[in-house]
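The values are calculated or read from the model by the stated rules, or taken from the named source; none is laboratory data. Note that the structure is predicted; figures quoted are calculated from it, not measured. Here the Cβ positions follow ideal geometry from the backbone for every residue, glycine too, while neighbour counts run over all protein chains shown. Just the protein is used for accessible areas: all its heavy atoms, side chains included, with ligands, DNA and RNA removed. Shrake-Rupley method; radii C 1.70, N 1.55, O 1.52, S 1.80 Å.
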Amino acid sequence: MKVRYLVGCLAGLGLAAAAVSMPGEAPSGGTIVIKFSHVVAPDTPKGKAAEKFKELAEQITGGAVEVQVYPNSALYKDKEELEALQLGAVQMLAPSLAKFGALGVKEYEALDLPYIFPDYDALHKVTGGEVGQRLFATLEDKGIKGLAYWDNGFKIMSANKALTHPADYRGLKMRIQASKVSAAQMEALGALPQAMGFSDVYQALQSGLVDGAENTPSNIYTQKMHEVQGNLTITNHGYLGYAVIVNKAFWDQLPDDIRDQLEQAMKLATDFENQIAAKENADALAKIREAGTTKIHEPTEEERSEMIAALLPVHKQMAALIGQDTIDAIYQATGFQLTQ
Ligand code: LMR
């Protein structure tokens, strides 16, 4: 029988069990288990990359490490997973950048600001540069280590009515991730933001608890949200991506050679992730189109300008919360200029 590493032994026991699952006691010759929990479907950029990391980590460590991937909030939901990581009940997560505010690290919310990234290249200048490292450093005293940034894509808006102009959002209950910037953005449109965990969104849209949402095409398609949303607008108004994080105590006590091999696997999985994300989203949008359930609206230049004018004030409005220095560092890295 395989001797399993204590941290990995507690599948299904939840947070109560986590208190006794502190790392550091890998029996010699035992398998090191990494539980990797996430909230999206396996058939998404993040879901596929998690599987790729598992494959590479197990291969490169020659089976010394076993990665158990739990997709679709099967192990922990949004609200629980960061706490589970800090307690050591799970070793690896890849929450969206919008969800780090819950840890008290508000700087991450800069990455949620509307229209701050025109494309993936601009985003990579930030996540791959000094700001990305600076954001990771803010996690260390929370017992968390940042390993990589993984792409998803740009958010689009959905509802059961056409969303063409800012005024169309007025009074709509719009689901958001638990991000103050996303809340301010919906309020700037006159909508009523409703923060909610990802696993509850489909049902909330279906039952009418909320009227609409913002997400990437790959998340919308794989959760079948388009089946309960008659209209999508390709606003691309904000970015949704991830930070892959680990329990720092667990990571630090790994044998050096194993940690190096896992870093190598993570680098390869990250390259894979960031290569497939744009295509996964384009394919998902094409499948939504084919499904015929949903009208897809491409804004005209004029409509896009109206949305930009309505949403850019959120940058200044949120500067005190996020920290103007972080926002300025992003502007500097991307060349973004605030025109209002
Ligand atoms: C959401 O809650 O909409 C996203 O953060 C889900 C995800 O992990 O992509």
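Based on C-alpha pairs under 8 angstrom that are at least 6 apart in sequence, the stretch 143-255 has a relative contact order of 47 percent. Treating r as the C-beta distance of Ile234 and Arg170 and R0 as 25 Å, the FRET efficiency rounds to 0.75.
With charges set only on the Cβ (+1 for Lys and Arg, -1 for Asp and Glu), what does the dipole of the stretch 69-188 come to about its Cα centre, in debye to the nearest 20? Mind dumping the intermediate values first?
Working: 14 positive and 15 negative charges, 82 e Å.
Charge dipole, the stretch 69-188, about its Cα centre: 400 debye, nearest 20.
Lysines within cross-link reach of Lys279: Cα-Cα under 16 Å, excluding same-chain residues under 8 positions apart? List returned: Lys46, Lys48, Lys155, Lys287.
For the chain, give the magnitude of the charge dipole about the Cα centre (Cβ charges: +1 Lys/Arg, -1 Asp/Glu; no others), in debye to the nearest 20. Spell out each step's value before the answer.
Numbers: 31 positive and 42 negative charges, 141 e Å.
With Lys and Arg at +1 and Asp and Glu at -1, about 680 debye.
Over the chain, Cα pairs under 8 Å with separation of 6+ residues give a relative contact order of 24 percent. With a simple spin-label model that places each label point 7 Å from the Cα along the Cα-to-Cβ direction, the separation between Ala162 and Arg134 comes to 4.3 nm. Solvent exposure of the chain amounts to 41 Å² per residue of accessible area, where only protein heavy atoms count and the probe is 1.4 Å.
Adding -39500 (n - 2.57) for every DSSP H run of four residues or longer, then dividing by how many residues the chain holds, sets the calculated 222 nm ellipticity at -12000 deg cm²/dmol. With 18 Å as the cut-off, how large is the P(r) tail for the stretch 125-213, expressed as percent of Cα-Cα pairs? Roughly 57 percent, rounded to a whole number. Expressed as a whole percent, the accessible area of the chain that falls on carbon and sulfur atoms is 51 (1.4 Å probe).
Normalising the Debye intensity of the stretch 197-340 to I(0), with uniform scatterers on Cα atoms only, and taking log10 at q = 0.11 Å⁻¹ returns -0.67. A simple spin-label model places pseudo-atoms 7 Å from Cα toward Cβ; at Ala286 and Ala102 they are separated by 3.5 nm.
Projected over all directions and averaged, the alpha-carbon convex hull of the chain occupies 16.8 nm². Restricting attention to the chain, close to 50% of DSSP beta bridges with both partner residues there are antiparallel. Compared with the rule-of-thumb size 2.2 N^0.38 Å for a compact globular protein, the stretch 240-310 has a Cα radius of gyration ratio of 1.82. Seen from all directions on average, the stretch 25-160 presents a Cα convex hull projection of 10.1 nm². If each of Asp325 and Lys279 carries a label point 7 Å out from its Cα toward its Cβ, how far apart are those two points in nm? Roughly 4.1 nm, to one decimal.
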